[in-house]
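Asks: Here it is, the structure, as structure tokens.
The values are calculated or read from the model by the stated rules, or taken from the named source; none is laboratory data. What you are looking at is a predicted structure, and each value in this text was computed from that prediction instead of being measured. Here the Cβ positions follow ideal geometry from the backbone for every residue, glycine too, while neighbour counts run over all protein chains shown. Surface areas here come from the heavy atoms of the whole protein model, side chains and all, with no ligands, DNA or RNA. Shrake-Rupley method; radii C 1.70, N 1.55, O 1.52, S 1.80 Å.
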Amino acid sequence: MPLHADLHRHLGGAIAPRIFWRFLQRNNHPLMQRFPEYELFEKYIVAPRASLTEFLELHTMVERVQRIDNLEYFITKLVRGAYIFEGILYLELRYTPYYRTDERLSQQDRINQMREVVRIITSCSKQSAYPLILKQILCMHSRLPYEVNRATLDLAASESEGVCGIDLAGPDPLYKNNMDDLVSLFSLAREIGLKTTCHLYETRDGIYPELLPYLNRIGHGIQIAMHYPELLKQVADRDQCLEICPTSYLKTGTLEDLSALRTVFDRCRETGVDIAICTDNPGLHNVRLPFEFENLLTQDVIDFEQLQMCHAASYRHAFGWPYSEPPDSLLTSLDLLSKKHTAEDRG
Ligand SMILES: [Zn+2]
């Protein structure tokens, strides 16, 4: 039975490498000249990068392939895989809609086309055979001008059936160039009742305390617990949840091994800061959500109680989960199972 919720997953990093490569092959895509063999492609995709900025070049490559006319193919595969192979019941999928539009159009025409992108994803994410609940988070982007980011925010507010919130993505050193604009965008989002998250305190370059007060959740935020623990009380007081994506930090060169996260989980437990365990890019990393949990447990980064706390936190802090409680927990299922056995023993 599917149980998991993933609150931080990028469309550009969600597709399993083999499925993505097969798409290139079937469509005789120009990238096939660079990656004629699958093994070459996988090696290139999963290799760790030296920095977040370098890692994001992979997203750019995928975005150039996943465009408005083939989104249905990728979304249907993604929903099916997440439901069947990861046991995911609730998924928040994020992407920058502008980068899925036709790049031959003018900026204004691309802005106009963003709504169609959102609606395609809303419509093809609903599959009766795989009843996963998918909600979209629209990403503003540090490389895009104010007008596009403002249009992204307005679009999120007006497409509430499929969209549950907004985010800011892209290389974090660039945030400082437009900080006033970014603060005003997040402030506006909160004023009009949009849920907000932001890639923040992910790397040593992403330290922008001026954005923190405007967020419902913090995309990553590991640097807060590691290097600015004095901020944790404010984070707890604002009931902000950290979205922690363990494998991601190894792939972006942010951490050398997962043991560094022990401090993050322990300090957050001590100060009452909730954590949701997420994947970021399960396709590009080739690590799915159940293995993120398992890796943290087997490498002794978290204990089972922390795992259960994180599981509950992901439903509690979800922007678009339509119920007040998480689905039946693993313990409830085991409880039912033991009752069934007892009844059978008696019979
Ligand atoms: Zn991310």
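Asks: Criterion first (at positive phi, more than 16 Å from the ligand (Cβ to nearest atom) and out of contact with any strand residue (DSSP E or B) (no Cβ under 6 Å at 6 or more places or on another chain)) does residue 253 satisfy it?
Replies: So residue 253 does not fit the description; no.
Asks: For a quick check of your reading of the model, give me the residue pairs whose first member lies in segment 202-216 and is under 15 Å from residue 181 (Cα atoms) and away from the ligand (no atom under 16 Å from the Cβ), whose second is open to solvent by 10 Å² or more (accessible area, probe 1.4 Å) and not acidic (Asp, Glu), with beta-carbon atoms closer than 7 Å and at least 6 apart or on different chains.
Replies: Partner pairs satisfying both residue conditions: 210/179; 210/183; 214/187; 214/190.
Asks: Check segment 115-127 and report whether any residue there is within 16 Å of the ligand (Cβ to nearest atom), open to solvent by less than 50 Å² (accessible area, probe 1.4 Å) and assigned to a strand (DSSP E or B). It would help to see each step written out before you state the result.
Replies: The initial filter retains those residues of segment 115-127 that are within 16 Å of the ligand (Cβ to nearest atom), namely none.
No, the conditions are met nowhere in segment 115-127.
Asks: For segment 316-347: of the residues being at pLDDT 95 or above and either more than 18 Å from residue 271 (Cα to Cα) or among the hydrophobic types (A, V, I, L, M, F, W, C) (or both), which is surrounded by the most Cβ atoms within 10 Å (Cβ to Cβ)?
Replies: Top of the filtered list is 318.
Asks: Examine segment 171-183 for a residue that is assigned to a loop (DSSP other than H, G, I, E, B), within 20 Å of residue 279 (Cβ to Cβ) and within 17 Å of the chain's Cα centre (by Cα), and state whether such a residue exists.
Replies: no
Asks: Residue 294 versus (1) open to solvent by 30 Å² or more (accessible area, probe 1.4 Å); (2) farther than 26 Å from residue 19 by Cα; (3) of a type in the set (Asp, Glu): which is the lone unmet condition?
Replies: The failed condition is (2).
Residue by residue, here is whether (1) touching a Leu at 6+ places or on another chain (Cβ under 7 Å); (2) more than 16 Å from the ligand (Cβ to nearest atom); (3) closer than 23 Å to residue 135 by Cβ holds:
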| residue | (1), (2), (3) |
| --- | --- |
| 157 | yes, yes, yes |
| 166 | yes, no, yes |
| 173 | no, no, no |
| 179 | no, yes, no |
| 185 | yes, yes, yes |
| 189 | yes, yes, yes |
| 193 | no, yes, yes |
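Asks: If only one of 227, 220 is within 16 Å of the ligand (Cβ to nearest atom) and not charged (D, E, K, R), which one is it?
Replies: 220
Asks: Tally the residues that are in contact with a Gly (Cβ under 8 Å, 6 or more places away or on another chain) and open to solvent by 10 Å² or more (accessible area, probe 1.4 Å), restricting the search to segment 158-168.
Replies: Final tally of qualifying residues: 1.
Asks: Can you pull out the helices (runs of 4 or more DSSP H) entirely within segment 1-51 that have at least 2 residues that are in contact with a Lys or Arg (Cβ under 8 Å, 6 or more places away or on another chain) and either modelled with pLDDT of 95 or more or more than 16 Å from the ligand (Cβ to nearest atom) (or both)?
Replies: Because the criterion is at least 2 residues that are in contact with a Lys or Arg (Cβ under 8 Å, 6 or more places away or on another chain) and either modelled with pLDDT of 95 or more or more than 16 Å from the ligand (Cβ to nearest atom) (or both), the helices (runs of 4 or more DSSP H) in segment 1-51 that meet it are 38-46.
Asks: Would segment 130-145 turn up any residue that is surrounded by fewer than 17 Cβ atoms within 10 Å (Cβ to Cβ) and among the hydroxyl-bearing types (Ser, Thr, Tyr)?
Replies: Just the residues of segment 130-145 that are surrounded by fewer than 17 Cβ atoms within 10 Å (Cβ to Cβ), to begin with: 131, 143, 145.
Checking the rest, the ones that are also among the hydroxyl-bearing types (Ser, Thr, Tyr) come to none.
No, segment 130-145 contains no residue that is surrounded by fewer than 17 Cβ atoms within 10 Å (Cβ to Cβ) and among the hydroxyl-bearing types (Ser, Thr, Tyr).
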